[in-house]
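Visitor: One structure is given below, represented as structure tokens, and several questions about it will come after.
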Amino acid sequence: MLGIRLIPCLDVANGRVVKGTNFINLKDAGNPIEVARQYYLDGADEIVFLDITATHERRNTTIDLVRRTAEKVFIPLTVGGGIKTVEDIRNLLNAGADKVSLNSSAVKDPEFVKKASNKFGIQCIVVAVDAKRVKKNRWNVFIHGGRIDTGIDAIVWSKKIMELGAGEILLTSMDKDGTRDGYDLELLEAVSGSVKIPVVASGGAGKMEHFYQACESGASAILVASLFHYKELTIKGVKNYLRSKNIFVRTINEKV
Amino acid sequence: MGQIKIAVIDYGFGNIKSVINALHYCNAEACVVDSPLKISDFGGIILPGVGAFGPAADFLRLKGFDKAIRNYVNSGKMLYGICLGFQLFFTKGSESGSHEGLGLISGEVRKFNFKDGLLKIPHMGWNSVNIERSLYSGKMFFSINDGENFYFVHSYYVVPENFLCVSSTCEYGLKFCSSVAYENLWGSQFHPEKSGEKGLKILSNFVREASK
């Protein structure tokens, strides 16, 4: 049976984890490689690095970070943030990333999704959709960290990127992100119900049952940031909870 | 005694770094190879799993890898195909038109097609794998439990004509062949290099057989 994936997301800038991490057994909790390795050992199903470094020259730091992480972490690694060209993608994949997540660049130039997908295969092209509710049953796609409303219907956009060759959608509710009062289940159902490709739910997790609700609303995977970093919930704890609700998850009895 | 040298074939697109990292972790020396000239020098070959069937098959033929790989396998040395590399073992692929594979195993590659739309395509994520009691599955899955989870990402699956080579199966809408092991020919639809410690164990098993 295919398991629901739990994916910790690390915001990185200039080679460091930006938001807090609270691993007591790590010497350097700001080091993304150490944190990613710890999540790997804890049973994470994938890892996402979101590069929030603004300037171009610092991107080399991220590539180096990906290279060194991939030597120690043997689960899929996705990198997102500021990816604009086929060359950016190639550099990240060559460094050891398994997937890249495109966001603003996909909205500005949808053909970029197609180009990237034809070149590297749909398995490595994730498109991030940041959606915000504008009225009942209508969500628009926002870019630039939620500052700009593109006016594009998130459902229409999701179908379009699937046709262009995205292998997966990373769906973030801008309304719920950071609130900790649960995922936008209507948005999740609407998007997941209109595309064939897997949808990763993001934004709003605060407690165990939110994970279950997301699974029931069509999420194939769930992205989690600060909740895991601060150890309020653990990967193992959430997986045990989901299992008790008859949701299939990968067992984590690994000894390393 | 030096480390065993394993060749990782580079089609020129996508990520083969993960395979190389995993081989290093398994104590093998991994070399990226883009020409068939010296492949007989290697103790084992890995055909990784990136890109699409047609272009990858064309690349192998254009470079002369098809004949070289067949000779290599006939010489009794170990070959492991991952994901697309595994699909390339088969006679025929249907990804964007019909393409000829390497023909190492009789059978074909088919696309998942779910009428009800309930199951997502690609089949992406961790799925449990049932080990078949075939002649060589014990070597491939040495010290791995039945039902262990491995990482998959694919829209096509293989249908071998002869089930003797099937070393494991998996279920996603239907039961499909998730790996083969027959003598020195191993391959898996899942990515051992991305499947945590259990995946690394399979690659270690491969390295051990290649070292014999």
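The values are calculated or read from the model by the stated rules, or taken from the named source; none is laboratory data. Because the structure is a prediction, the values reported are computed rather than measured. Glycine also receives a Cβ, built like all others from the backbone with ideal geometry; neighbour counts cover every protein chain displayed.
Visitor: Out of everything in region A:103-144 that is outside any helix (DSSP H, G or I) and under 22 Å from B:GLY49 (Cα atoms), what residue ends up being farthest from the other protein chains (Cβ to nearest Cβ)?
Guide: Ranking the candidates gives A:VAL127 first.
Visitor: Considering only region B:59-152, give the helices (runs of 4 or more DSSP H) lying wholly within it that have at least 2 residues that are away from chain A (no Cβ under 14 Å), closer than 21 Å to B:SER35 by Cα and among the charged types (D, E, K, R).
Guide: Where helices (runs of 4 or more DSSP H) fall fully within region B:59-152 and carry at least 2 residues being away from chain A (no Cβ under 14 Å), closer than 21 Å to B:SER35 by Cα and among the charged types (D, E, K, R), they are B:65-74.
Visitor: Suppose the filter is surrounded by fewer than 21 Cβ atoms within 10 Å (Cβ to Cβ) and either in contact with a helix residue (DSSP H, G or I) (Cβ under 6 Å, 6 or more places away or on another chain) or not acidic (Asp, Glu) (or both); does A:SER217 pass it?
Guide: yes
Visitor: On to the next question. Among (1) surrounded by 16 or more Cβ atoms within 10 Å (Cβ to Cβ); (2) not in a helix (DSSP H, G or I), which single condition is B:ALA56 missing?
Guide: Condition (2) is where B:ALA56 drops out.
Visitor: Given the residues B:ALA22, B:ALA7, which is the only one that is crowded, with 19+ Cβ neighbours inside 10 Å and more than 21 Å from A:PRO76 (Cα to Cα)?
Guide: Every option except B:ALA7 fails the conditions.
Visitor: Looking only at region B:1-47, filter to residues that are assigned to a loop (DSSP other than H, G, I, E, B) and polar (S, T, N, Q); which one of those is farthest from the other protein chains (Cβ to nearest Cβ)?
Guide: B:SER35
Visitor: Follow-up question, since we're still on this one. Kindly indicate which of B:LYS139, B:LYS212 is touching a helix residue (DSSP H, G or I) at 6+ places or on another chain (Cβ under 8 Å), surrounded by fewer than 17 Cβ atoms within 10 Å (Cβ to Cβ) and not β-branched (Val, Ile, Thr).
Guide: B:LYS139
Visitor: If a residue must be in a loop (DSSP other than H, G, I, E, B) and at pLDDT below 95, how many such residues does region A:44-71 contain?
Guide: Matching residues across region A:44-71 total 7.
Visitor: Residues of region A:182-202 being more than 14 Å from chain B (Cβ to nearest Cβ), of a type outside the set (A, V, I, L, M, F, W, C) and either surrounded by fewer than 18 Cβ atoms within 10 Å (Cβ to Cβ) or touching a strand residue (DSSP E or B) at 6+ places or on another chain (Cβ under 6 Å) (or both), which ones?
Guide: Passing the criteria: A:TYR183, A:ASP184, A:GLU186, A:SER202.
Visitor: Condition first: within 14 Å of another protein chain (Cβ to nearest Cβ) and among the charged types (D, E, K, R). Can you find one or more residues in region A:203-213 that meet it?
Guide: no
Visitor: What residue, among those in region A:55-102 that are away from chain B (no Cβ under 14 Å), in contact (Cβ under 8 Å) with a residue 40 or more places away in the chain and farther than 25 Å from B:HIS154 by Cβ, is surrounded by the most Cβ atoms within 10 Å (Cβ to Cβ)?
Guide: A:THR62
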